[in-house]
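Next up is a structure, given as structure tokens.
The values are calculated or read from the model by the stated rules, or taken from the named source; none is laboratory data. No experiment lies behind these values; they were computed from the predicted model shown. No Cβ is skipped: glycine too gets one built from the backbone with ideal geometry, and neighbour counts run over all protein chains shown. The protein model used for the area step is the full one, side chains on, heavy atoms only, and it has no ligands, DNA or RNA in it. Shrake-Rupley method; radii C 1.70, N 1.55, O 1.52, S 1.80 Å.
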Amino acid sequence: MKLPRMAATALAYLVAVALAGPALAQPVKNIVLVHGAFADGSSWAKVIPILQSKGYNVTAVQNPLTSLADDVAATNRALALQNGPVILVGHSWGGVVITEAGMDPKVAGLVYVAAFGPDSGEAVGDLGKAYPPPPALAAPIVDKQGFLSLSTEAVVKHFASDLPPAEARVVAATQEPINASAFAAKVSAAAWKTKPSWYIVSKLDGAIAPDEERFFAKRMKATTTELNTSHVPMLSQPKAVAAVIMDAAEKASVHSDEAPH
């Protein structure tokens, strides 16, 4: 009589495993990267191959930087193309974009890289007033249409100060100007209130005060990493940045039966 009882127990176990299978947590495999002001998608060029080599599906959004609404729309288009859950990553101004675009149900977690993390109803232009003015933005170049860009000197000395000068000059040459009016736009929702968040503080940042970054990280209760970097850690320490993104992808895993389609 022992054999049938053991067989029944084994069968019950296998059935339980089979039923539980669809609910097992799965790591997120889609990464969407959102660049900041004075940059374009190439700012992620060192992080992308690291993530791809680990099997992640990576998309770098090309924000027009014409308005918050336009940048959110560009990010939403990228999210719509993803098959399954997503880790949404934002650098600098891109943090504002992911704060709103992150409300998309496909987004399983948020990673802020030396980025703004506003609350609903807050505008970036107002957030930094309590902190020392960033040297990188001391003398922006403003064109007739109201778009801001940075001088090569500002990029080399303050924006990307821990890159070799030749590399920093490439950052200056490929920068995309941002419409100054974007900094007055207020986010309508803050995804970090409902989504798990990670934050990379750049301790040598010359574009956003490091203490302001710490404020954002603490307010959103983010898993925080501090790096000895300038405003562009994804270029100066891409392995460290990729590691945080992969940690988010692993920890923000979702149940396969709950994954958005």
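Taking residue 125, is it over 17 Å from residue 197 (Cβ atoms) and surrounded by fewer than 16 Cβ atoms within 10 Å (Cβ to Cβ)? Let's see the steps before the verdict.
Values: over 17 Å from residue 197 (Cβ atoms): yes; surrounded by fewer than 16 Cβ atoms within 10 Å (Cβ to Cβ): yes.
Yes; evaluated as a whole, the condition is true for this residue.
Let me ask you something else. Which of the residues belonging to region 120-174 are within 20 Å of residue 228 (Cα to Cα), in contact with a helix residue (DSSP H, G or I) (Cβ under 7 Å, 6 or more places away or on another chain) and in a loop (DSSP other than H, G, I, E, B)?
Hits for region 120-174 are 131, 160, 162, 163.
For region 197-236, which residues satisfy the criterion of being of a type in the set (D, E, K, R) and crowded, with 23+ Cβ neighbours inside 10 Å? Lay out the reasoning, then the answer.
So in region 197-236, the residues of a type in the set (D, E, K, R) come out as 203, 205, 211-214, 218-219, 221, 226.
Across region 197-236, the qualifying residues are 205, 213.
Any residue in region 61-73 that is touching a residue at least 12 places away in the same chain (Cβ under 8 Å) and within 13 Å of residue 95 (Cα to Cα) sitting within a Cβ distance under 7 Å of a residue that is assigned to a helix (DSSP H, G or I) and open to solvent by 30 Å² or more (accessible area, probe 1.4 Å)? List the pairs, counting only those 6 or more apart or interchain.
Pairs found: 72/100.
While we're looking at this one, here's another question. Only one residue in 189, 182 is open to solvent by less than 70 Å² (accessible area, probe 1.4 Å), of a type in the set (A, V, I, L, M, F, W, C), assigned to a loop (DSSP other than H, G, I, E, B) and within 27 Å of residue 59 (Cβ to Cβ), so which one is that?
Working: 182 fails: assigned to a loop (DSSP other than H, G, I, E, B).
Of 189, 182, the one residue that is open to solvent by less than 70 Å² (accessible area, probe 1.4 Å), of a type in the set (A, V, I, L, M, F, W, C), assigned to a loop (DSSP other than H, G, I, E, B) and within 27 Å of residue 59 (Cβ to Cβ) is 189.
Within region 25-49, take every residue that is open to solvent by 40 Å² or more (accessible area, probe 1.4 Å) and assigned to a helix (DSSP H, G or I) and give me the one that is nearest to residue 167 (Cα to Cα).
42
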